[in-house]
Amino acid sequence: VLDKLLLPENKDTLAKILTYHVVPGQVLAADVTDGDVATVEGQTVTLSTADGVTVNGAKVITADVMGSNGVIHVIDAVILPPDVDPAAL
């Protein structure tokens with residue numbers, strides 16, 4: 001799948017997937033509340049704190065990694081925007 005996404009004709013799809021993983025601002029794990037939040041891509045992801053922090057069901061496995069331009073939270077899965085068909089990848 002990654003090889004296909006790296007093809008020039010899939011540049012827009014790859015950018016859509018990557019920006020779907022980014023929310024504006026700096027959000028620490030302790031500040032996360034349940035609900036939907038807008039992504040840089042423009043659609044929303046659903047955050048839950050019921051059993052640790054999850055994003056669209058993907059579990060945050062490493063939280064609060066401080067980067068030079070934001071906070072990184074490592075999740076255990078790739079999340080796809082609703083309008084990206086995984087079968088087409």
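Name the pairs: first residue in the range 43-55 and modelled with pLDDT under 95, second residue of a type in the set (A, V, I, L, M, F, W, C) and not in a strand (DSSP E or B), Cβ to Cβ under 7 Å, at least 6 apart or on different chains?
Pairs found: none.
Given the options V65, V32, V23, name the one that is touching a strand residue (DSSP E or B) at 6+ places or on another chain (Cβ under 7 Å) and exposed (fewer than 11 other Cβ atoms within 10 Å of the Cβ). So that I can check it myself, show each step before the final result.
On the way: V32 fails: exposed (fewer than 11 other Cβ atoms within 10 Å of the Cβ); V23 fails: exposed (fewer than 11 other Cβ atoms within 10 Å of the Cβ).
Unique residue meeting the criteria: V65.
Give all pairs with beta carbons closer than 8 Å in which a residue from the range 10-26 that is under 17 Å from H73 (Cβ atoms) meets a residue that is part of a helix (DSSP H, G or I) and among the hydrophobic types (A, V, I, L, M, F, W, C); count only pairs at least 6 apart in sequence or on separate chains.
I17/L5
The values are calculated or read from the model by the stated rules, or taken from the named source; none is laboratory data. The model shown is predicted, which means the values in this text are computed figures rather than measured ones. Here the Cβ is made from the backbone with ideal geometry for all residues, glycine too, and neighbour counts use every protein chain on show.
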